[in-house]
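*Asks:* Sharing a structure below in structure tokens format, with a few things to ask.
Any read-out appearing in this document is the output of simple, stated calculations on the displayed coordinates, not a laboratory observation. From a predicted model like this one, the values you see are computed outputs, not experimental measurements. Note: ideal-geometry Cβ built from the backbone for every residue, glycine included; neighbour counts use all protein chains shown.
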Amino acid sequence: MRKKIYKILEKVDKRIKIKNYNLDSQVGDIKYWDSLSHLNFLMSLEEKFQIRFSTFEMTNIKSISDVEKSLNKRKIK
């Protein structure tokens, strides 16, 4: 799952190199990951996994770990 998340994040913004970060990296920690990249990232995840994040989830997902937890709750592999 983690590799899929990383791949999607890097695809959303080619300037992001996930090898420089870890699961606890947050929006403000990752260079080029701004609010627009964040929204595009979440929308890409929705498309890839055929899900919909609630507004609450979208505003509370702040790290790669948060994304992974949210997807795991949905039992997505």
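*Asks:* Which angle between 0 and 90 degrees, to the nearest 10, do you get for helix 64-73 versus the longest principal axis of the chain when only C-alpha atoms count?
*Replies:* The two axes meet at around 10 degrees.
*Asks:* Viscosity 1.567 mPa s, temperature 4 °C: give me the Stokes-Einstein translational D for the chain in µm²/s, with Rh taken as the Kirkwood radius over C-alpha pairs.
*Replies:* Answer from the Stokes-Einstein relation: 105 µm²/s.
*Asks:* So how much slack lies between residue 54 and residue 14, counting 0.36 nm per residue of separation and subtracting their Cα-Cα distance, in nm? Don't jump to the answer; show the numbers that get you there.
*Replies:* Working: separation 40, 0.36 × 40 = 14.40 nm, distance 2.64 nm.
Value of the extension gain: 11.8 nm.
*Asks:* Using the Cα atoms of the range 33-77, I'd like the radius of gyration and the largest Cα-Cα distance, Dmax, both in angstrom.
*Replies:* Cα only, the range 33-77: 9.8, 28 Å (Rg, Dmax).
*Asks:* Let me know the charge dipole size of the chain about its Cα centre in debye, to the nearest 20, where only the beta-carbon of Lys, Arg (+1) and Asp, Glu (-1) is charged. Let's see the in-between values first.
*Replies:* Details: 18 positive and 10 negative charges, 94 e Å.
Roughly 460 debye for the chain.
*Asks:* As a check on your grasp of the helix formula, calculate [θ] at 222 nm for the chain: sum -39500 (n - 2.57) over DSSP H runs of n ≥ 4, divide by the residue count, round to the nearest 500.
*Replies:* That calculation yields -16500 deg cm²/dmol at 222 nm.
*Asks:* Test of understanding: what is the full-extension gain from residue 77 to residue 46, defined as 0.36 nm times their sequence separation minus their Cα-Cα distance? Present the calculation step by step, with values, prior to reporting the outcome.
*Replies:* Numbers: separation 31, 0.36 × 31 = 11.16 nm, distance 1.36 nm.
Going from the current span to full extension adds 9.8 nm.
*Asks:* Which listed residue (8, 40, 63) has the Cα farthest towards the positive end of the charge dipole for the chain, taking +1 on Lys and Arg C-beta and -1 on Asp and Glu C-beta about the Cα centre?
*Replies:* The residue sitting farthest along the positive end of the dipole is 8.
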